[in-house]
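Here the structure comes first, spelled out in structure tokens, and everything after it is commentary.
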Amino acid sequence: MLWGSAPTIYLARFKRMTRYMRLLSLTVSMLMVLSACGSRTPSSSTRSSSSTSNSSARFAASPSASPSSSSSPTTNPSPSASPSDSGEVSSQSSNSSGLTFESLSTGQSRIKTAANRTAATQDEFDTLWEEHAGADKQPPQVDFTKQTVLAVFAGPKKSGGYSIKVTSVKLSGKELQVRYHLTEPEKGKLTSQVLTYPSHIVKIDRRKASGDFDSVKFIAD
């Protein structure tokens with residue numbers, strides 16, 4: 001009865017008042033949220049600052065951290081640790097009952113047939129390396145006054161996942177025995193479906209010309 005007789009102007013004022021109240025309520029809520037966030041931020045910064053100060057204090061209190069690293073002698077890398085001209089890293093290998101040998105190249109070869117090769121002179125090695133890596137690749141350094149190169153080539157394999165490695169080099173009397181192992185891809189493992197040509201080339205500190213051995217025998221494991 002009251003609202004039915006109220007003028008239209010009062011109804012409009014009531015609607016505006018309702019909107020103002022909603023806006024005021026929203027503003028108060030936002031101010032409360034901002035106030036809560038602001039009150040938490042200093043404590044976080046304080047904890048972070050305190051943690052940084054404690055860390056700095058602990059580092060300053062341990063005198064052995066910096067001196068030990070700065071006083072450690074600088075060692076030059078050995079030639080076997082530098083990348084070879086074939087883009088691979090040479091590695092030193094040895095076994096308790098055999099001779100030490102050093103890898104010159106592993107991985108894919110341009111030699112397409114299975115073969116075992118030796119090189120006792122620079123000319124022989126240059127020819128072998130050109131067949132293996134191409135004329136644009138410089139061969140690794142070998143001192144043929146005291147070293148010999150031994151190489152195994154697996155020939156064509158139907159997919160990726162194959163590798164061949166020299167596993168040991170031993171002297172049996174005057175016979176140099178070179179053992180190698182061909183690894184096949186695991187059954188069910190995804191491999192590239194292309195022909196591959198695994199190889200491994202190593203050098204040893206022995207020479208046939210010096211009388212260290214008379215013959216070389218390659219033995220598949």
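Here is a yes/no grid of residues against (1) free of Cβ contacts under 8 Å to residues at least 40 places away in the same chain; (2) among the β-branched types (Val, Ile, Thr); (3) not assigned by TED's automatic domain parsing to the domain that holds LEU195:
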{"residue": "ALA114", "(1), (2), (3)": "no, no, no"}
{"residue": "ASP123", "(1), (2), (3)": "yes, no, no"}
{"residue": "PRO139", "(1), (2), (3)": "no, no, no"}
{"residue": "THR148", "(1), (2), (3)": "no, yes, no"}
{"residue": "ALA151", "(1), (2), (3)": "no, no, no"}
{"residue": "LYS158", "(1), (2), (3)": "yes, no, no"}
{"residue": "TYR162", "(1), (2), (3)": "yes, no, no"}
{"residue": "LYS165", "(1), (2), (3)": "no, no, no"}
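Pairs meeting the criteria (first residue in the stretch 172-193 and assigned to a strand (DSSP E or B), second residue surrounded by fewer than 11 Cβ atoms within 10 Å (Cβ to Cβ) and among the charged types (D, E, K, R), beta carbons under 9 Å, at least 6 apart or on different chains) are GLU175/ASP214; LEU176/ASP214; ARG179/ASP221; TYR180/ASP221; HIS181/ASP221; LEU182/ASP221. Among the residues of the stretch 84-122, those that are farther than 13 Å from SER199 by Cβ, outside any loop (DSSP other than H, G, I, E, B) and at pLDDT 95 or above comprise PHE101, GLU102, THR118, ALA119, GLN122. Only one entry of PHE125, PHE144 meets the criterion of being of a type outside the set (D, E, K, R) and outside any loop (DSSP other than H, G, I, E, B), and that entry is PHE125.
Conditions tested, residue by residue: (1) touching a His at 6+ places or on another chain (Cβ under 8 Å); (2) within 14 Å of ASN116 (Cβ to Cβ).
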residue	(1), (2)
GLY155	no, yes
GLY160	no, no
GLY173	no, no
TYR180	yes, yes
PRO185	no, no
THR196	no, no
ARG207	no, no
ASP214	no, no
LYS217	no, yes
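Just one residue in the set VAL152, VAL169 is hydrophobic (A, V, I, L, M, F, W, C), touching a Leu at 6+ places or on another chain (Cβ under 7 Å) and not in a loop (DSSP other than H, G, I, E, B); that residue is VAL169. Of all residues assigned to the stretch 170-186, at least one qualifies as being at pLDDT below 95, within 25 Å of the chain's Cα centre (by Cα), surrounded by 13 or more Cβ atoms within 10 Å (Cβ to Cβ) and not small (Gly, Ala, Ser).
Which residues, taken from the stretch 128-141, are in a loop (DSSP other than H, G, I, E, B) and among the charged types (D, E, K, R)? Within the stretch 128-141, ASP136, LYS137 qualify. Picking from ALA133, ALA154, ALA115, which residue would you name as being in contact with a Lys or Arg (Cβ under 8 Å, 6 or more places away or on another chain) and under 23 Å from HIS181 (Cα atoms)? Residue meeting the stated conditions: ALA133.
The values are calculated or read from the model by the stated rules, or taken from the named source; none is laboratory data. Since this is a predicted model, take the numbers as computed values, not measurements. Neighbour counts are summed over all protein chains in view; Cβ atoms, including those assigned to glycine, are modelled from backbone coordinates with ideal geometry.
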